[in-house]
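None of the figures in this text is laboratory data; all of them are computed from the coordinates on show. Worth saying up front: this structure is predicted, and the values here are computed from it rather than measured. Heads up, the Cβs are rebuilt from the backbone with ideal geometry, glycines too, and the neighbour counts pull from every protein chain shown.
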Amino acid sequence: MNNQLPVLDQAVLDKMRNDYGEETLVELIDDFKRIGRDSIDGLCKAAKADDQKSMTRYAHDLKSSSAVLGLMRLSEQSRKIELASNDGRLQEARSLSTNLEPSLAAAIDTLEGRS
């Protein structure tokens, strides 16, 4: 995990708020909470089954949904998992995914504190 990246790029969140309004931003954050949890659950199940295609897809979904909200650290962690999975480096992808739960919790806590 890259701890040098900020959990949140506040400028991204501010732009979303300015472009789409507070109500839409709150909906997107609520959607992210569900999508983030579903992606991690799916990724864990896929990892246990050595399902490379699903691991890549779930990591991609988490990467993209976190990037949309400016969750830079989680997005980068997910990108690394996606690349490792896509390249067939499943053990590396599993190893990288061990910190997803606390990363997601930190992302959600940050969103709730700054949104």
Practice task
Search region 16-29 for residues that are on the phi < 0 side of the Ramachandran plot and pair each with any residue that is among the basic types (Lys, Arg) when their beta-carbon atoms are under 7 Å apart and the residues are at least 6 apart or on different chains.
Solution key: LEU25/ARG17
Problem - Contacts under 7 angstrom Cβ, first residue in region 83-109 being farther than 18 Å from LYS33 by Cα, partner among the basic types (Lys, Arg), 6 or more apart - result: LEU96/LYS80
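With respect to SER66, determine if the residue is polar (S, T, N, Q), within 17 Å of GLN10 (Cα to Cα) and either touching a residue at least 40 places away in the same chain (Cβ under 8 Å) or crowded, with 22+ Cβ neighbours inside 10 Å (or both).
yes
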Practice task
Kindly establish whether LYS33 is assigned to a helix (DSSP H, G or I), of a type in the set (Lys, Arg), surrounded by fewer than 22 Cβ atoms within 10 Å (Cβ to Cβ) and more than 16 Å from the chain's Cα centre (by Cα).
Solution key: no
Fill in the blank from the handout: ALA47: passes all of (1) closer than 25 Å to ASP9 by Cβ; (2) in contact (Cβ under 8 Å) with a residue 40 or more places away in the chain; (3) among the aliphatic types (A, V, I, L, M) but (1)
Completion exercise
Selection over region 1-30 where residues are more than 18 Å from GLU112 (Cα to Cα) and not in a helix (DSSP H, G or I) yields a count of 5
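Mind listing whichever residues of region 12-58 are in contact with a Gly (Cβ under 7 Å, 6 or more places away or on another chain) and of a type in the set (Gly, Ala, Ser)?
So the first thing to find is which residues in region 12-58 are in contact with a Gly (Cβ under 7 Å, 6 or more places away or on another chain), and the list is 12-13, 52, 54, 58.
Passing the criteria: only SER54.
Report yes if some residue within region 81-93 is surrounded by fewer than 19 Cβ atoms within 10 Å (Cβ to Cβ) and within 20 Å of ASP31 (Cα to Cα); otherwise report no.
No, that holds for no residue.
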